[in-house]
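Enquirer: Dumping the structure here so I can ask a few things about it.
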Amino acid sequence: MNNITVTFPSGKTLTVPKGTTAMDIIDNFSIPKEKLYAVIINNELSSLPSSLSYNSVLQPVVQGDKNSAIVYRRSLCFILAAAAHTQFPDAQLLVGNSIGYGYYYTLNTGSKIDQSHIDALKKEMQSIIQQDLPIHTSQLSYADACRLFEDMQLDQTRRQLDCICPPYVIINTVENDKASFSDMYFGPLLPSSGYIKAYDLIPYGEGFLLRFPDSKHPDKLTEFADIPPLFEIYKKYKAWGTQVGVTSAADLNMLVKQRKVNEFIDITETFQVKCIADIADQIYSRPQTKVVLLAGPSSSGKTTTSKKLALQLKALGYRPKVISLDNFYVGRDRNPKDENGNYDYECLEALDVPLLNRLLVDMFDGKEVELPSYDFVKGEQYFDGTKMKLEEHDILIMEGIHGLNDRLTPLVKPEYKFKIYLSALTQLNLDNHNRISTSDNRLIRRIVRDSKFRGKSAAATISMWESVRKGERLHIFPFQVNADAMLNTALDYELSVLKVYAEPLLRCVSPLQPEYTEAARLLRFLNNFSPIPPTDVPDRSIIREFIGGSAFHY
């Protein structure tokens with residue numbers, strides 16, 4: 001058969017020759033070309049120039065949706081890398097963490113980055129964009145790819161090939177009259193450079209930020225919101241990673257290949273324990289502290305961190321006591337609902353804030369109080385006689401998404417509170433130009449945990465992830481700046497462990513399910529990591545919160 005059938009969202013079908021590209025038939029979407037960024041073919045995100053080889057159901061990726069933002073940002077990073085290759089061919093461009101709708105970059109030129117370097121990069125980027133150059137995707141043999149990345153001095157990318165050893169390598173390429181630039185394919189890009197409209201380069205730290213629009217406002221940049229403490233945490237961990245010689249997936253994979261990863265696991269765990277001990281010392285230096293509030297996004301490791309922090313506080317002479325905010329839900333009869341009519345358990349109003357504050361004030365006054373419990377089956381708060389009183393050297397620990405929001409504890413004196421923000425902020429990159437998303441790290445943690453402890457499929461976890469992210473943007477991220485301390489809960493070897501659990505779960509997501517788009521992307525991402533057996537994970541590691549086998553009781 002030389003023809004295939006293509007089905008569009010409207011139900012319209014076309015019979016076209018095999019090898020027809022999505023770009024050839026985009027007029028059937030009835031969407032302006034400049035707003036069509038990519039296409040989903042049988043629930044797999046693909047570039048518009050992708051060839052169609054079998055019967056396909058197509059969905060457009062339109063400017064303003066989540067997938068379009070992913071494609072736009074990845075393409076913008078690719079164009080920056082191409083500009084850096086032209087302007088500074090002997091320097092290494094290195095991507096870092098995300099900050100306020102931007103990515104932090106450094107450029108190893110042998111001298112301090114100044115405005116002239118940034119201006120040169122921006123001028124070259126603008127030239128590439130104005131020429132509206134096609135971005136080609138192609139396949140190279142393994143040997144040809146090795147030679148290409150050696151010639152381009154992309155050392156991390158070249159070393160990664162030694163670890164994953166694919167039979168062929170997919171690359172993206174853009175070329176003009178000055179130079180040709182290629183990089184490893186990690187996902188679909190825009191069809192051409194001219195699609196890029198909104199971006200900026202601004203000085204930041206020892207490098208600069210590549211700024212991009214948010215998905216809701218794709219044509220303009222939002223006001224820059226800096227979070228200096230979070231950047232300082234990233235710098236601290238990046239410096240540590242550089243010191244121990246592990247800053248990329250290739251570095252980690254080489255340790256696995258050489259059977260030297262166990263020492264790195266020990267060093268990584270020890271460093272995290274030291275960081276938790278440092279926070280305990282900060283608390284000890286503030287003797288008026290009566291309650292420690294931990295907050296962080298989903299799967300940031302709040303529960304295990306609270307237990308590890310309790311051990312450090314005990315070593316300093318405290319007697320930590322834990323209050324679970326889950327016991328303070330108001331009950332379904334009073335619980336607010338979201339715009340879809342579902343119970344919103346993540347808003348502050350879902351908690352009995354007045355009761356919590358009365359009990360805290362009474363305890364800080366030396367009174368014994370009765371704590372509530374919550375029946376998640378009936379959706380009711382109840383009291384079972386559980387009581388608590390704070391004695392000398394006792395200190396409370398409370399973890400929950402609203403811990404940094406002062407509206408949770410308005411009656412508690414500020415000097416009584418010590419707030420900690422947790423983030424799984426890995427300092428590893430995939431290679432020089434491609435970063436590891438903090439959100440992806442946490443989603444993979446949650447997929448594994450939900451399967452292990454809650455009986456959820458990967459598809460079920462993926463389907464609700466965007467709702468979880470929305471709650472984080474509303475109730476957690478705006479209050480990061482209120483933290484007295486920040487802790488990075490990512491362990492730089494964890495994706496190699498989580499891969500062992502996540503891959504079979506993700507492979508169970510059918511191409512007929514809408515969640516297959518995300519599952520396929522995550523599988524491609526995890527392919528960059530060599531597996532580490534779970535037996536190598538210490539029993540008090542944060543990773544045990546997600547894979548099981550922890551020495552802590554949850």
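Enquirer: What length, rounded to one decimal in nm, is gained on full extension from Glu223 through to Asp200, with 0.36 nm per residue of separation minus their alpha-carbon distance? Show your work: numbers first, answer last.
Expert: Details: separation 23, 0.36 × 23 = 8.28 nm, distance 1.18 nm.
In short, 7.1 nm is gained.
Enquirer: On to the next question. Roughly how far apart, in whole Å, are the Cα centres of the stretch 262-284 and the stretch 22-42?
Expert: Cα centroid to Cα centroid, the span is 50 Å.
Enquirer: Let me ask another. What size of dipole, in debye to the nearest 20, comes out for the chain about its Cα centre when the only charges are +1 on Lys and Arg C-beta atoms and -1 on Asp and Glu C-beta atoms?
Expert: The dipole magnitude comes to about 600 debye.
Enquirer: Further question on the same structure: What does the extension gain come out to for Glu392 and Asp365, with contour length at 0.36 nm per residue minus their alpha carbon separation? Mind dumping the intermediate values first?
Expert: Values: separation 27, 0.36 × 27 = 9.72 nm, distance 1.19 nm.
Once the chain is fully extended between Glu392 and Asp365, it gains 8.5 nm.
Enquirer: Something else about it: Could you please state how large a percent of the accessible area of the stretch 261-328 is carbon and sulfur, counting protein chains only and using a 1.4 Å probe?
Expert: Here carbon and sulfur together make up 52 percent of the probe-accessible area.
Enquirer: Can you give me the orientation-averaged projected area of the convex hull built on the Cα atoms of the chain, in nm²?
Expert: Computing the convex hull of the Cα atoms and averaging its projections yields 27.5 nm².
Enquirer: Listed here are the pairs Lys66/Lys123; Lys238/Lys260; Lys12/Lys35; Lys308/Lys470; Lys290/Lys419; which of them are more than 18 Å apart at the Cα? Walk me through the intermediate numbers first.
Expert: Details: Lys66/Lys123 29 Å; Lys238/Lys260 21 Å; Lys12/Lys35 21 Å; Lys308/Lys470 29 Å; Lys290/Lys419 11 Å.
Distance filter (> 18 Å) returns Lys66/Lys123; Lys238/Lys260; Lys12/Lys35; Lys308/Lys470.
Enquirer: Determine the distance separating the Cα centre of the stretch 426-492 from the Cα centre of the stretch 55-110; give it in Å without decimals.
Expert: Spelled out, the Cα-based centre of one part sits 21 Å from the other.
Enquirer: Assign unit charges at the C-beta atoms only (+1 for Lys and Arg, -1 for Asp and Glu), then state the dipole size of the stretch 267-407 relative to its Cα centre in Debye, rounded to the nearest 20.
Expert: Working: 18 positive and 23 negative charges, 93 e Å.
About 440 debye.
Enquirer: If r is the Cβ-Cβ distance from Lys337 to Lys257 and R0 is 45 Å, what FRET efficiency results, to the nearest 0.05? Kindly include the intermediate steps, with their values, before the conclusion.
Expert: Working: r = 52 Å, r/R0 = 1.16.
With a Förster radius of 45 Å, E is 0.30.
Enquirer: Let's test the formula: R0 of 51 Å, r as the Cβ-Cβ distance of His553 and Lys123. What FRET efficiency results, to the nearest 0.05?
Expert: It comes out at approximately 0.30.
Enquirer: Quick test of the membrane-span-like rule: which DSSP H helices of the chain reach at least 27 Å along their long axis (C-alpha atoms) with mean Kyte hydropathy at least -1.0?
Expert: Values: long enough: 66-87 (32 Å, 0.38); 261-284 (34 Å, 0.33).
In the chain, the long hydrophobic H runs are 66-87, 261-284.
Enquirer: Hey, could you grab the Kirkwood Rh for the stretch 423-497? Inverse mean 1/r over distinct alpha carbon pairs, Å, one decimal.
Expert: For the stretch 423-497, inverting the mean 1/r across all distinct Cα pairs yields 14.0 Å.
Enquirer: I want to check the label-to-label distance for Glu232 and Val377. Put each point 7 Å from Cα in the C-beta direction and report it in nm to one decimal.
Expert: 4.9 nm
Enquirer: Next question, about the same structure. Report, to the nearest whole %, how much of the accessible area of the stretch 57-152 belongs to carbon and sulfur atoms, 1.4 Å probe, protein only.
Expert: That fraction is 50 percent.
Enquirer: Scan around Leu133 for amide H atoms under 5 Å from its own, H built in the peptide plane at 1.01 Å from N, and keep only partners 5 or more places away or cross-chain.
Expert: Placed amide hydrogens put Ser193, Gly194 under 5 Å from Leu133.
Enquirer: Please report the relative contact order for the chain, taking Cα pairs under 8 Å with a sequence separation of at least 6, and give it as a percent rounded to a whole number.
Expert: With pairs under 8 Å counted, the relative contact order is 15 percent.
Enquirer: Over the chain, with the other protein chains present, what is the accessible area per residue in square angstrom, probe 1.4 angstrom?
Expert: For the chain, the solvent-accessible area averages 44 Å² per residue.
Enquirer: Further question: So, in Å, what gap is there between the alpha-carbon centers of the stretch 357-423 and the stretch 223-243?
Expert: 31 Å
Enquirer: Give me the distance in nm between label points sitting 7 Å out from Cα along the Cα-to-Cβ direction at Ser285 and Val244, one decimal.
Expert: Spacing of the two 7 Å Cα→Cβ label points: 2.4 nm.
Enquirer: Collect residues whose amide H, placed 1.01 Å from N in the peptide plane, falls under 5 Å from the amide H of Thr20; neighbours closer than 5 in sequence don't count.
Expert: So Thr20 has HN proximity to Leu52.
Enquirer: Separate question: Let a ≥ b ≥ c be the square roots of the eigenvalues of the Cα gyration tensor of the stretch 247-347; is it rounded (a/c under 1.5), or, if not, prolate (a/b larger than b/c) or oblate?
Expert: Judged from the Cα gyration tensor, the stretch 247-347 comes out oblate (a/c at least 1.5, b/c at or above a/b).
Enquirer: Another one. What 222 nm value per residue comes from the helices of the chain, counting each DSSP H run with n ≥ 4 as -39,500 (n - 2.57) and dividing by all residues, nearest 500 deg cm²/dmol?
Expert: Dividing the helical sum by the residues of the chain leaves -11500 deg cm²/dmol.
Enquirer: Which residues' amide hydrogens lie under 5 Å from the amide hydrogen of Arg435, considering only partners 5 or more residues apart or on another chain, with H built in the peptide plane?
Expert: Correct list: Leu430.
The values are calculated or read from the model by the stated rules, or taken from the named source; none is laboratory data. For clarity, every value in this text was computed on a predicted model and none was experimentally measured. For neighbour counting, all protein chains shown are included, and Cβ atoms are generated from backbone atoms with ideal geometry for every residue, glycine included. Remember, those area values only see protein heavy atoms, side chains included, never the ligands or the DNA or RNA. Shrake-Rupley method; radii C 1.70, N 1.55, O 1.52, S 1.80 Å.
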